[in-house]
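Asks: Can you read through this structure? Questions will come right after.
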Amino acid sequence: MAEFEGRSGEGTYASSPASPDSVTEAVTGLSQGMNALVRGHLALARVEVVRDLKALGKDAALELAGVPMLMASYLLLWIGIGYLLALAIPTWASFLICAGANLLGGLTLLAVGYALMKKQKVELPASADEIRRDREWASKLREPPAQLRGELH
């Protein structure tokens with residue numbers, strides 16, 4: 001009688017390899033095991049994503065709290081620069097220079113931020129490790145058990 005064990009050692013199936021019932025039981029057990037495996041992977045990925053999103057949300061909230069004051073200060077700074085330049089050149093030209101400097105700076109920051117964002121990858125280390133172990137486990141399932149290898153040769 002052949003005995004098949006799951007990865008964790010749970011759920012052994014002992015039956016004759018030629019019996020139709022044993023094949024049905026083995027396929028049913030394999031199907032249930034794969035369903036449990038997929039559900040486990042999804043749960044692990046969900047936990048990792050939720051953990052990362054919570055940390056990201058807290059950081060973003062802290063950053064956003066200072067944005068209104070920063071914007072008001074920035075606007076007042078450039079108005080002051082515009083009036084300072086107006087002492088040497090026409091007022092319209094001084095504010096045009098300030099607007100151009102802001103436009104150029106903003107476009108540069110957007111381009112750099114976009115390039116950095118494209119390089120970032122979301123990593124799920126525990127999920128990736130589980131998938132790697134599952135592939136190893138699945139490749140071992142393709143090999144016949146040691147008892148059957150002797151019968152095949």
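Asks: Looking at this structure, is A45 over 30 Å from C98 (Cβ atoms) and part of a helix (DSSP H, G or I)? Let's see the steps before the verdict.
Replies: Numbers: over 30 Å from C98 (Cβ atoms): yes; part of a helix (DSSP H, G or I): yes.
Here the answer is yes, as A45 does meet what is asked.
Asks: Does R51 meet the test of being closer than 30 Å to L30 by Cβ and either among the acidic types (D, E) or surrounded by fewer than 12 Cβ atoms within 10 Å (Cβ to Cβ) (or both)?
Replies: Answer is no for this residue.
Asks: Do we find that G66 is surrounded by 11 or more Cβ atoms within 10 Å (Cβ to Cβ) and over 30 Å from L141 (Cα atoms) in this structure?
Replies: No, not satisfied.
Asks: Suppose we keep only residues that are outside any helix (DSSP H, G or I) and more than 24 Å from G29 (Cα to Cα) within region 111-153. Which one would you say is modelled with the lowest pLDDT?
Replies: Looking at residues that are outside any helix (DSSP H, G or I) and more than 24 Å from G29 (Cα to Cα), I get H153.
Asks: Which of the residues belonging to region 18-35 are open to solvent by less than 50 Å² (accessible area, probe 1.4 Å) and in a helix (DSSP H, G or I)?
Replies: Those that are open to solvent by less than 50 Å² (accessible area, probe 1.4 Å) and in a helix (DSSP H, G or I): S22, A26, G29, G33.
The values are calculated or read from the model by the stated rules, or taken from the named source; none is laboratory data. Note that this is a predicted model, so its numbers are computed, not measured. With ideal geometry, Cβ positions are generated from the backbone for all residues, glycine too; neighbour counts draw on all protein chains shown. When the accessible area is computed, the model is the full protein with side chains, heavy atoms only, and any ligands, DNA or RNA have been set aside. Shrake-Rupley method; radii C 1.70, N 1.55, O 1.52, S 1.80 Å.
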